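One structure is given below, encoded as structure tokens.
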Amino acid sequence: MTKRPTPSTFRGNKAALPSKPCEACGRPMTWRRRWARTWDAVKYCSEACRRSKNPDR
Ligand SMILES: [Zn+2]
């Protein structure tokens with residue numbers, strides 16, 4: 001019996017999180033818990049990216 005997790009299990013766990021590219025820098029951003037409610041509206045990975053795309057605000 002082994003106690004350590006298999007690599008395949010570890011990978012599958014990580015892939016379960018959704019991700020999408022940031023519209024500003026194009027970097028893939030992984031789902032965060034704080035985005036649970038706004039994930040659909042999230043377009044930028046950080047506040048800096050949001051500002052760079054929306055210099056007006
Ligand atoms: Zn970004």
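None of the figures in this text is laboratory data; all of them are computed from the coordinates on show. Not measured: the values here are computed from a predicted model. Every residue, glycine as well, gets a Cβ built from its backbone with ideal geometry; the counts of neighbours run over all protein chains shown.
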Report task. List every residue pair whose Cβ atoms lie under 9 Å apart, where the two residues are 6 or more positions apart in sequence or sit on different chains, the first residue falls within region 36-57 and is under 9 Å from CYS22 (Cβ atoms), and the second residue, located anywhere, is within 10 Å of the ligand (Cβ to nearest atom) and of a type in the set (S, T, N, Q). Result -> TYR44/SER52
Requested in this report: Please go through region 40-55 and pick out each residue that is exposed (fewer than 14 other Cβ atoms within 10 Å of the Cβ) and more than 10 Å from the ligand (Cβ to nearest atom).
Outcome: ASP40, ALA41, ARG51, ASN54, PRO55
